[in-house]
Amino acid sequence: MTTAVCPGSFDPVTFGHLDIFTRASAQFEEVTVLVTGNPHKHSGLFSIEERMALIREVTGHLPNVTVDFWAGLLVDYTTAHGVTALVKGLRSSLDYDYELPMAQMNRRLTGVETFFLMTDERFGYVSSSLCKEVVRYGGDVSGLVPEVVHEAMKAKLRE
């Protein structure tokens, strides 16, 4: 069975992320969206558990997509779970420049291959950080994040 992992912090998950998950799920038999980070260090808008719950909600229509968490080296996860493919979305050459050395190191360490998917042009400028900043100052990110995520962001920022 061909399993791919889509790793990231996903704080929060955007339509750009969801596009990559959807396209990966059409190419691989199983796709795991892997939330990465330190569960003991709350540094984002959402906790690890909240991110996972939001991702599960917005990927519920994709039967071959699961959500998991990992705090260590990505290649340790892929080895432990028999994963041979990583899928990363690229918005621009800046993402490529950032991702390429990691992909090469991961392949050197364990042989895991990284597949890059170009982001749909509708979401090329969308980032979790930018969405958080817009919502923090009262702006509207409708159409950039799923509605359930938008509502969760507004609620979290009201706290």
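What follows is calculated from the coordinates using simple rules that are stated; it is not laboratory data. Given the structure is predicted, the values throughout are model-derived calculations rather than measurements. As a convention, Cβ positions derive from the backbone with ideal geometry for all residues, glycine included, and neighbour counts pool all protein chains shown.
Summary of computed values
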read-out: Residue in the range 87-96 that is within 26 Å of Phe46 (Cβ to Cβ), touching a residue at least 40 places away in the same chain (Cβ under 8 Å), part of a strand (DSSP E or B) and in contact with a Ser or Thr (Cβ under 7 Å, 6 or more places away or on another chain) present; value: yes
read-out: The range 110-159, subset among the basic types (Lys, Arg) and touching a Leu at 6+ places or on another chain (Cβ under 7 Å), residue surrounded by the fewest Cβ atoms within 10 Å (Cβ to Cβ); value: Arg136
read-out: Filter pass, Ser25 being among the polar types (S, T, N, Q), surrounded by 13 or more Cβ atoms within 10 Å (Cβ to Cβ) and either over 14 Å from the mean Cα position of the chain (by Cα) or under 15 Å from Ala4 (Cα atoms) (or both); value: yes
read-out: Count - residues of the range 28-60 that are free of Cβ contacts under 8 Å to residues at least 40 places away in the same chain, farther than 19 Å from Ser129 by Cβ and not acidic (Asp, Glu); value: 6
read-out: Residues of the range 101-130 classified as under 28 Å from Leu45 (Cβ atoms), assigned to a helix (DSSP H, G or I) and either more than 14 Å from the chain's Cα centre (by Cα) or not hydroxyl-bearing (Ser, Thr, Tyr) (or both), total; value: 8
read-out: The lone exception for Ala85 - which of (1) in contact with a strand residue (DSSP E or B) (Cβ under 9 Å, 6 or more places away or on another chain); (2) exposed (fewer than 15 other Cβ atoms within 10 Å of the Cβ); (3) closer than 19 Å to Ala24 by Cα; (4) of a type outside the set (Ser, Thr, Tyr) it fails; value: (2)
read-out: Filter pass, Val67 being surrounded by 15 or more Cβ atoms within 10 Å (Cβ to Cβ) and within 19 Å of Pro7 (Cα to Cα); value: yes
read-out: Matching residues in the range 61-71 - criterion: being without any contact (Cβ under 8 Å) to a residue 40 or more places away in the chain, touching a strand residue (DSSP E or B) at 6+ places or on another chain (Cβ under 9 Å) and not in a strand (DSSP E or B); value: Asn64, Ala71
